[in-house]
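Single-structure report; data block below.
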Amino acid sequence: MKPALFWTLLLLFACGCQVGPQYDPPVVQAPEAWKHSQTNGANPPPVNNWWEVFEDCILNDLEQQAVLNNPNLFAALERVIQARALAKVARADLFPQLNLMPSYSNQIVLSKLFGTSAAASVSSVQLPNFLREHQLAYALPLDLSYQLDLWGLLQSAYQSELYNAQAAEENFRTALLTLTTDLAYSYFRLRTLDAQLDLYQATIKTRQKALEINQSRYEGKIAIYSDVSRAALELTNLEAEYQEAQRQRDVEENLIATLTGQPAPAFYITKNPLKIAPPTIPAGLPSEVLLQRPDVAEAERRMASQNALVRVAYASFFPSISLTGSLGFSSPDLAQFLRWKSRFWMLGVNIAQTVFDGGRKYYDLQYAWSRFREADDEYQQQVLTAFQ
């Protein structure tokens, strides 16, 4: 290969560009205000974690246990690590690949007395010793392969994986937010049930007293029996509601145990009725909601990743150019193996262009476009869900 051609190819590589549609982040028309009137509460005190605004030490401890022990959160973190690793794998395709491949061969062939040394190998039992000849070869090549990314195929594939890694990070934030909010919801529901159980116990005592009074009145023949049966029914219904509330508390307690990464049978929370209202937090502007929600950011990164795959599909229509090379030593004599006169080198260019594939690349492109439109629709739906 002439040096001029080699440098021309490198120049083409340097001037290479991506084909296909460029990605523009979607623009969402956010409402200027909420539909219903919002309470203009005072701004909450600055905290490191959102749940600290409730100033509940038990909740703070439970949230810390959940963040440190929840397996689902660890799984989301592993997905981030996996996505980052895949992005680095895709980035490796942008660089030349070098392989050192030492080799040694000892081949038995027909003797040169028969006019050839390139005959097929034969077993030592097929020829007498004077007709056998050993052919030795020692090689130490350093092989080079490099695909010129003239059309941005490899770069777009790397960008797609990079956007997927960013989406995985947002997914982790979503998992963290979902975990902490689910835990806070179950915790305050449990405390509400504690207050409800206290109310049921006080009301049961009142109903028991009413039943005793009605029984006394009936025994004194100053009331009818229906008053007694009605009072007994009200007491029985209230006791059933108390048992249902106790069952719901057990369910919430078990759910909190699971969220904090602990076995439910060994987990207990002391009864603590809810007596004060939670702090009032301003809702803010609708546009601020989109900036704060990681699920919306994840959907947008997924859409960017699919757009990069559309560019990959476009680039597949163009010819691929690969540089190959090899440099090293080769000799049939071990004594001369690593000497200067045993050196060799090779440089080549491979160009491949699909002539006919039955429409494979065309339908790959249609598939990529459809995946991008699907990601766009999912993003729009996620925005609507955020406003909801």
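The values are calculated or read from the model by the stated rules, or taken from the named source; none is laboratory data. It should be emphasised that the depicted structure is a prediction, and the values quoted were computed from it without experimental measurement. Don't worry about glycine lacking a Cβ; one is built from the backbone with ideal geometry, like all the others, and counts go over all protein chains shown. Heavy atoms of the whole protein, side chains included, go into the accessibility calculation; ligands, DNA and RNA do not. Shrake-Rupley method; radii C 1.70, N 1.55, O 1.52, S 1.80 Å.
Values for this structure:
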item: Kirkwood Rh, Cα atoms: Rg over Rh of the chain; result: 1.28
item: Positive-pole candidate from PHE329, PRO265, SER287, dipole of region 200-331, charges at beta carbon; result: SER287
item: Angle between the chain longest axis and helix 57-69 axis [Cα atoms, degrees, rounded to 10]; result: 30
item: Average accessible area per residue (Å²) across the chain - probe 1.4 Å, nucleic acids and ligands excluded; result: 64
item: Cα Rg, Dmax (largest Cα-Cα span) when computed across region 316-362, Å; result: 19.1, 57
item: Region 298-388 - charge dipole about Cα centre, Lys and Arg +1 at Cβ, Asp and Glu -1, debye rounded to 20; result: 620
item: Protein-only accessible surface order, largest first, of ASP377, ASP357 at 1.4 Å; result: ASP377, ASP357
item: For region 329-384 versus region 235-282, the gap between their alpha-carbon centres in whole angstrom; result: 58
item: Links that overshoot a 29 Å alpha carbon limit, given the list LYS88/LYS341; LYS205/LYS275; LYS88/LYS361; result: LYS88/LYS341
item: Label-point separation, VAL89 to TRP50 (7 Å along Cα→Cβ), nm; result: 3.4
item: Heavy-atom accessible area order for ARG373, ARG217, ARG191, largest first, 1.4 Å probe; result: ARG373, ARG217, ARG191
item: Angle in degrees between helix 153-219 and the longest Cα principal axis of the chain, rounded to the nearest 10; result: 20
item: Ranking by accessible area, most exposed first, for ARG339, ARG360, ARG311 with a 1.4 Å probe; result: ARG360, ARG339, ARG311
item: Computed [θ] at 222 nm, deg cm²/dmol, the chain (DSSP H ≥ 4; -39,500 (n - 2.57); rounded to nearest 500); result: -19000 deg cm²/dmol
item: Folded to 0 to 90 degrees: helix 71-92 orientation relative to the chain principal axis, Cα; result: 20
item: Length released on extending from THR385 to ILE222, taking residue separation times 0.36 nm less the Cα-Cα span; result: 52.4 nm
item: Lys, Arg +1 and Asp, Glu -1 on Cβ, resulting dipole of the chain about Cα centre, debye, nearest 20; result: 1440
item: Length gained when the stretch GLN135-TYR104 is fully extended (0.36 nm per residue, less Cα-Cα span); result: 10.1 nm
item: Accessible area of the chain belonging to carbon and sulfur atoms, whole % at 1.4 Å probe; result: 58
